[in-house]
1. Look through A:214, A:220, A:284 and report the one residue that is within 18 Å of the chain's Cα centre (by Cα) and in a loop (DSSP other than H, G, I, E, B).
2. Whether any residue in the range B:80-89 is acidic (Asp, Glu), within 11 Å of chain A (Cβ to nearest Cβ) and outside any helix (DSSP H, G or I) is what I want to check.
3. Residues in the range B:40-51: is at least one among the charged types (D, E, K, R), away from chain A (no Cβ under 12 Å) and not in a helix (DSSP H, G or I)?
4. In the range A:127-146, how many are closer than 21 Å to residue A:206 by Cβ and surrounded by 14 or more Cβ atoms within 10 Å (Cβ to Cβ)?
5. Would a scan of the range A:213-225 turn up a residue that is touching a Gly at 6+ places or on another chain (Cβ under 9 Å), among the polar types (S, T, N, Q) and within 14 Å of chain B (Cβ to nearest Cβ)?
6. From the list A:151, A:170, exactly one residue is away from chain B (no Cβ under 14 Å), surrounded by fewer than 24 Cβ atoms within 10 Å (Cβ to Cβ), free of Cβ contacts under 8 Å to residues at least 60 places away in the same chain and small (Gly, Ala, Ser). Which is it?
7. Quick check on the range B:58-79: of everything there that is assigned to a strand (DSSP E or B) and within 11 Å of chain A (Cβ to nearest Cβ), which residue is nearest to residue B:142 (Cα to Cα)?
8. Wholly within the range B:90-185, which helices (runs of 4 or more DSSP H) include no fewer than the required count, namely at least 2 residues that are in contact with a helix residue (DSSP H, G or I) (Cβ under 7 Å, 6 or more places away or on another chain) and within 12 Å of another protein chain (Cβ to nearest Cβ)?
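The numbers here are math on the coordinates, done by the rules we state, and not lab data. Computed from a predicted structure; not experimentally measured. Cβ placement follows ideal geometry from the backbone for every residue including glycine, while neighbour counts extend to all protein chains displayed.
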Amino acid sequence: MTEGQLLSLAQQVVSGLSAGSIYALLALALVLIYQSTDVVNFAQGELAMFTTFIAFTLLTWYGVPFVPAVALTLVFAFVLGYLIERIVIRPVEDAPVLSVVIVTLGLYSIFNSVAGWVWGYVPKGFPSPISGGTIRFAGLTVGLLDLWILGCALVIMVLLHLFLHRTTLGIAMRATAHNRTAARLVGIPVGRMLSLGWGLSAVLGAIAGMLAAPKIFLEPNMMAAVLLYAFAGAVLGGLTSPFGAIAGGLMVGVVENLLGALVATELKAGLAFFMILAVLVVRPQGLFGTAYRRKV
Amino acid sequence: MLRLEGVSAAYGRIQALRGVSLEVPAGSIVALLGANGAGKTTTLRVISGLLRPTGGAVYFEGRRIDRLPAEAIVRLGVSHVPEGRQVFAELTVGENLILGAYARRDRQKIPADLDRVFGLFPVLRERRKQPAGTLSGGEQQMLAIGRALMARPRLLLLDEPSLGLAPMVVREIFRTIRRINSEGTTVLLVEQDANLALQVARFAYVLQTGQVVLSGPAAELRQNEAVRRSYLGY
């Protein structure tokens, strides 16, 4: 392999990490919800898309500056996630798994069609504080946007980790996810923790959506493929491990990019399903997850 | 301090308690005895708010608590150490203890209480950074009790603290239970091992198929022919 080929491979890895960091954020959102409520939230991607449209509306229709627009969007996402858990998910909490799956698929469809109705299906550009320039580093030409996405995602992950491990509220949320009865016994309001978890997941999704939008354009179906890769990442890392979700998401991004560059772009679409299947057959608990046990 | 008046409870259509009345005076250790399935654990679950009774009433310090959610009951000063410890296995010992104080408003007093728990169970201090799931059964029981104490309860509900533990560990835990009581915490103790329970308790109730069939001072129950035959084995 020549030096040129090696360099182009390294560049593919970097842009794979950038895409992967978005999958990782969404996978993290999926895992947070799955851990605490045993629900696989198929609407996670559509929530991200919808909240990204909210940011778009604030930015372009109302001319709100970037930072306040993002902040307002995150608040909106949190409230939306919180209310969805409280109003839609709580009543079906003890229903069979299939009913809950149908409910989240229903949410998927609702958000998708409402977005289409309000904003239409024509792809829109989404502003980003970092434009499309490149930077040369150690012989590599790296897109500034890719670095921006990767950097933001990493900062968010660190903040989330600190929240979940260093604050009493975060520790209480983890405790609730692991053992609800014990959580009630120490006086943790379990219902509120579950709502908070959904709110937090929606915030992660909104960030993923806003980071992805400048790259893949804004339209109601923008998150469909991203969600699929995020699922692949979450399953790869093990649905029970936040760390696994991050590692899995990044891996999926890199493999996807390398496959597209080295073999054929057409194969990318099948890759997510192939990875999900392979993991489920070889190591169902994922690379970092613990073996599945039913919560009682 | 705690009074149950004709409490009934059910799991679905299975009646678990049928009109249980009992009283726990402040400062005492009261034992709840009975065979498996007699309703001992259910009684504790009703008191701590995990299970809503179908009839009767529960009073704590004169206040009716049987309609309150579990977190409100903890805040009033009732802590429940459940059957099978139920520590947060994936969280560290330190995190478990911090969460024990979750319902409290006086955050600045938490370090002092942490020291108190470490004083009662020095092994927990050594294991502070370890996931609770890696502790031995006895250490997990100590952690479960320590976590409950972090809420500064005035009434401590203990469900089978001796279950599955080596005799030496059981002795140590019961010594600590006595000490906790002597420092001012009232205890309601559910215990399979009637011998052990009647040694530490001042007063005891015997449950059978969801009803109180016998009650009295521990010393008297120890002499009671029926208790001896059914629960003490001599």
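1. Unique residue meeting the criteria: A:220.
2. So far as the range B:80-89 goes, yes, one or more of its residues are acidic (Asp, Glu), within 11 Å of chain A (Cβ to nearest Cβ) and outside any helix (DSSP H, G or I).
3. No, because not a single residue in the range B:40-51 is among the charged types (D, E, K, R), away from chain A (no Cβ under 12 Å) and not in a helix (DSSP H, G or I).
4. 5
5. No - not one qualifying residue is present in the range A:213-225.
6. Of A:151, A:170, the one residue that is away from chain B (no Cβ under 14 Å), surrounded by fewer than 24 Cβ atoms within 10 Å (Cβ to Cβ), free of Cβ contacts under 8 Å to residues at least 60 places away in the same chain and small (Gly, Ala, Ser) is A:151.
7. B:79
8. B:93-100, B:137-149
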